[in-house]
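The values are calculated or read from the model by the stated rules, or taken from the named source; none is laboratory data. These figures come from a predicted structure and were not determined experimentally. Neighbour counts are summed over all protein chains in view; Cβ atoms, including those assigned to glycine, are modelled from backbone coordinates with ideal geometry. To get the accessible areas, we keep the full protein, side chains included, count just its heavy atoms, and leave off ligands, DNA and RNA. Shrake-Rupley method; radii C 1.70, N 1.55, O 1.52, S 1.80 Å.
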Amino acid sequence: MASLGEKLQQADWAKEKHVPVIECADSVTAGDLLEVKVSVGKEIAHPNTTEHHISWIALYFQADGDKFPFHVGRFEFAAHGESVAGANQGPVYTHHAATTWLKLLKPGTLYAVAMCNIHGLWESTKQIKVS
Ligand code: FE
């Protein structure tokens, strides 16, 4: 039986415009605030139109040795030029990037999942050391 996990596409974000990019320090002191930016299209821009856009990015953390990941953030990019005048006639587009802050008490892995409304789910990971 197919699983949703098999639908999470992976690639090098420098070559594939859909892959979410996680930008933060590689290591942090336990309990200190860690600033984490997630975005799509850092190297190759992704379209942001009514017909084709990034809908959301979700962020998860799994501590080393733990069995389950934790959901730590979800960022909705809700406006894409929609308007009563028609597609791409609206006054606002949400850009697909967001910044959040985490406190980590154990080292582990951040997982970002991005949803393109027509090209599906894309994931990336970043390991964080905690001392
Ligand atoms: Fe796309």
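Which ones in the range 101-123 are more than 10 Å from the ligand (Cβ to nearest atom) and touching a helix residue (DSSP H, G or I) at 6+ places or on another chain (Cβ under 8 Å)?
Leu121
For the range 54-71, does any single residue satisfy the condition of being open to solvent by 90 Å² or more (accessible area, probe 1.4 Å) and of a type in the set (A, V, I, L, M)?
no
Can you tell me how many residues within the range 5-41 are open to solvent by less than 30 Å² (accessible area, probe 1.4 Å) and of a type in the set (S, T, N, Q)?
Looking only at that region, the number is 1.
Just to be sure, is Lys37 charged (D, E, K, R) and under 23 Å from Val130 (Cα atoms)? Spell out the reasoning first.
Values: charged (D, E, K, R): yes; under 23 Å from Val130 (Cα atoms): yes.
For Lys37, the condition - charged (D, E, K, R) and under 23 Å from Val130 (Cα atoms) - is met.
Sort through Ala25, Ala58, Ala14, Ala98 and tell me the only one that's modelled with pLDDT under 95, under 17 Å from the mean Cα position of the chain (by Cα) and more than 16 Å from the ligand (Cβ to nearest atom). Write out each step before concluding.
On the way: Ala25 fails: modelled with pLDDT under 95; Ala58 fails: modelled with pLDDT under 95; Ala98 fails: modelled with pLDDT under 95.
Every option except Ala14 fails the conditions.
May I ask you to say which residue of Lys7, Lys42 is over 14 Å from the mean Cα position of the chain (by Cα) and charged (D, E, K, R)? Break it down into steps so the answer makes sense when it comes.
Values: Lys42 fails: over 14 Å from the mean Cα position of the chain (by Cα).
Of Lys7, Lys42, the one residue that is over 14 Å from the mean Cα position of the chain (by Cα) and charged (D, E, K, R) is Lys7.
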